[in-house]
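**Student:** Below is the structure I would like to discuss, written out as structure tokens.
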Amino acid sequence: MNGNYLIPANSKKSGMILGLFMPIDLIIFGSGVGLTLILLMAIHATSLSTIIIILLPALISGFLVFPVPNYHNVLQLIINITTYIFKPRDYIWKGWNYKNGDKK
């Protein structure tokens, strides 16, 4: 063989939990629900606004991991942007240049 492999389009889904979630998704959702449970036990809610504020961590984390089309592409874009901003590196240009970066 020449080393070229044809990978089926659904092969990425087999590496996910239930075919929808990556492990980080479940960690995000679990931490949001866990924080909500802690807040529910710690705060005595008497008004609707307090209940909504207590439920916000679970609602936000659920919204973040809800499977929408191209979600993981957007997640990877966000990861790439934050990596570019917070871990700067020197990117060397290798373009179509007749000198190819040489200063001679």
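The values are calculated or read from the model by the stated rules, or taken from the named source; none is laboratory data. Because the structure is predicted, anything quoted here is derived from the model rather than measured. Positions of Cβ are generated from backbone atoms using ideal geometry, with glycine treated the same way; all protein chains shown enter the neighbour counts. In case anyone asks, the SASA skips ligands and DNA or RNA and just uses the protein heavy atoms, side chains included. Shrake-Rupley method; radii C 1.70, N 1.55, O 1.52, S 1.80 Å.
**Student:** Restricting to the stretch 56-83, count the residues that are farther than 23 Å from residue 20 by Cβ and surrounded by 12 or more Cβ atoms within 10 Å (Cβ to Cβ).
**Tutor:** Result for the stretch 56-83: 1.
**Student:** Quick one: in the stretch 47-78, which of the residues that are of a type in the set (A, V, I, L, M) and modelled with pLDDT under 85 is farthest from residue 33 (Cα to Cα)?
**Tutor:** Out of the qualifying residues, it is 77.
**Student:** Can you confirm whether the stretch 20-32 contains a residue that is open to solvent by 100 Å² or more (accessible area, probe 1.4 Å), out of contact with any Ser or Thr (no Cβ under 7 Å at 6 or more places or on another chain) and at pLDDT 85 or above?
**Tutor:** yes
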